[in-house]
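A.B. asks: Next up is a structure, given as structure tokens.
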Amino acid sequence: MAGQLRFDNRVVVITGAGSGLGKAYALEFAKRGAKVVVNDLGCSISGEISSKIPADATVAEIKQLGGIAFANYDSAEFGHKIIQSALEHFGRVDVVINNAGVLRDNSMVKISENDWDTIMKFHLKTTFSVTKAAWAHMKKQKYGRIINTSSGAGLYGNFGQANYSSAKIGIHGFTQTTAREGEKNNIKVNTIAPIGASRMTSGIFTKDILEMLSAEKIVPLVVCLAHESCNESGSLFETSGGWIAKLRWQRGKGIFFSKNFTAEDVEMQWNTINSFEHCDYPKNSIDTLQKVVALAEEANIPKPKL
């Protein structure tokens, strides 16, 4: 039987760790021997005001359990400040969990540019900012684990959340690119799309549903992805209520037009274009290009120089 996944001498930076999922992560990593940087701006659900209380409370709880942690109150949009404080306290950064976020829900009729910009700042930019600040240190030590937080709204869309959905799907695009860039330096980057009990979901679900979706049921996946034994990278996982599943792109067989074609030709083949009866699972845009070149060859079209 495998032993416990430990994080002794590892430094884990968690944004939005003053409550909800972030706090649950912080407590678990501390129990497993990690030195934890508890970052939380202490703002409202819409990103206003700030307070040191949430971060301080999480740190106090960790210390009561015999763990090691300190609080950082910077907004995650200033990732360099968070990472610098981690380096000053602990000398290194091994794991980054980009978890912080806020909500500014509004339909397209009512949404303002400020609503859009705020969500982009508190989700997509913060993920970039903290990762960017940690990257050089992880590259130098040839080790790093980064977990980014997406959402079902980003994967499937959700009424009234055009800003949030756009930021959240953008985060996984960021994950896929940084995973490729981190390969040769043992930096693994993955995305989770959790549904868990938090400030964001407290007004949506009933008490019974919230209990079923406890934050603690998200934690094991994050711990696994953050461990040195995990070689997964560039992947996306949905998780909720004890259920975990990996997602991937699926592409239909489609149709290849070997001669000049019109919009009317496309319309005639619409059912075939939309069919998933025969499909494959592309991993990058090169897969797509190679597929088109192969289809062209089958149609006796001269192979282009690549």
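The values are calculated or read from the model by the stated rules, or taken from the named source; none is laboratory data. Since we're looking at a predicted model, the values are computed, not measured. For neighbour counting, all protein chains shown are included, and Cβ atoms are generated from backbone atoms with ideal geometry for every residue, glycine included.
A.B. asks: Among the residues of region 33-51, are any among the small types (Gly, Ala, Ser) and touching a helix residue (DSSP H, G or I) at 6+ places or on another chain (Cβ under 6 Å)?
C.D. replies: Looking through region 33-51, at least one residue is among the small types (Gly, Ala, Ser) and touching a helix residue (DSSP H, G or I) at 6+ places or on another chain (Cβ under 6 Å).
A.B. asks: Considering only residues that are crowded, with 17+ Cβ neighbours inside 10 Å and assigned to a helix (DSSP H, G or I), which ones fall in region 32-55?
C.D. replies: Selection gives PRO54, ALA55.
A.B. asks: Please give the number of the condition VAL222 fails out of (1) in contact with a Ser or Thr (Cβ under 7 Å, 6 or more places away or on another chain); (2) at pLDDT 90 or above; (3) over 30 Å from TRP270 (Cα atoms); (4) outside any strand (DSSP E or B).
C.D. replies: Failing condition for VAL222: (1).
A.B. asks: Can you name every residue in region 60-105 that is crowded, with 18+ Cβ neighbours inside 10 Å, within 20 Å of PHE7 (Cα to Cα) and among the polar types (S, T, N, Q)?
C.D. replies: SER85, ASN98, ASN99
A.B. asks: If you don't mind, there's one more thing I want to ask. Would you confirm whether any residue within region 178-190 is at pLDDT 95 or above, among the β-branched types (Val, Ile, Thr), part of a helix (DSSP H, G or I) and under 18 Å from the mean Cα position of the chain (by Cα)?
C.D. replies: Yes, region 178-190 has at least one match.
A.B. asks: Name the residues in region 57-85 that are acidic (Asp, Glu) and within 23 Å of ALA134 (Cα to Cα), would you? Give the derivation first.
C.D. replies: Within region 57-85, the subset acidic (Asp, Glu) is 61, 74, 77.
Within region 57-85, ASP74, GLU77 qualify.
A.B. asks: While we're on this one: Of all residues in region 105-156, how many are closer than 19 Å to GLY170 by Cα, without any contact (Cβ under 8 Å) to a residue 24 or more places away in the chain and hydroxyl-bearing (Ser, Thr, Tyr)?
C.D. replies: Total satisfying the criteria: 1.
A.B. asks: Right, next: Only one residue in HIS80, HIS89 is assigned to a helix (DSSP H, G or I), more than 18 Å from ILE146 (Cα to Cα) and in the same structural domain as HIS123 (by TED's automatic domain parsing). Which one?
C.D. replies: Answer to the selection: HIS89.
A.B. asks: Taking region 263-306, which residues are more than 30 Å from GLN176 (Cα to Cα) and hydrophobic (A, V, I, L, M, F, W, C)?
C.D. replies: Of everything in region 263-306, those that are more than 30 Å from GLN176 (Cα to Cα) and hydrophobic (A, V, I, L, M, F, W, C) turn out to be ALA263, VAL266, MET268, TRP270, ALA299, ILE301.
A.B. asks: Does SER233 satisfy the criteria of being of a type in the set (S, T, N, Q), at pLDDT 95 or above, touching a helix residue (DSSP H, G or I) at 6+ places or on another chain (Cβ under 6 Å) and not in a helix (DSSP H, G or I)?
C.D. replies: Yes.
A.B. asks: Next question. Working only within region 154-171, note down all residues that are surrounded by fewer than 21 Cβ atoms within 10 Å (Cβ to Cβ) and either within 23 Å of TRP243 (Cα to Cα) or assigned by TED's automatic domain parsing to the domain that holds ASN284 (or both). Steps first, answer last, please.
C.D. replies: Quick first cut of region 154-171, residues surrounded by fewer than 21 Cβ atoms within 10 Å (Cβ to Cβ) only: 155-160, 162, 166, 169-170.
Matches in region 154-171: LEU155, TYR156, GLY157, ASN158, ILE169.
A.B. asks: Within region 1-31, how many residues are free of Cβ contacts under 8 Å to residues at least 60 places away in the same chain, within 18 Å of the chain's Cα centre (by Cα) and not in a helix (DSSP H, G or I)?
C.D. replies: The number of residues fulfilling the criteria is 0.
A.B. asks: Got a number for residues in region 110-124 being surrounded by fewer than 16 Cβ atoms within 10 Å (Cβ to Cβ) and part of a loop (DSSP other than H, G, I, E, B)?
C.D. replies: In the first step, residues of region 110-124 are kept if they are surrounded by fewer than 16 Cβ atoms within 10 Å (Cβ to Cβ); the result is 110, 112-114, 117.
Next, only the ones that are part of a loop (DSSP other than H, G, I, E, B) stay: 110, 112.
Within region 110-124, residues that are surrounded by fewer than 16 Cβ atoms within 10 Å (Cβ to Cβ) and part of a loop (DSSP other than H, G, I, E, B) number 2.
A.B. asks: Restricting attention to region 223-281, which residues are at positive phi and surrounded by fewer than 13 Cβ atoms within 10 Å (Cβ to Cβ)?
C.D. replies: GLY242
A.B. asks: Scanning for something at pLDDT 95 or above, of a type outside the set (D, E, K, R) and surrounded by 13 or more Cβ atoms within 10 Å (Cβ to Cβ), does region 197-204 turn up at least one residue?
C.D. replies: no
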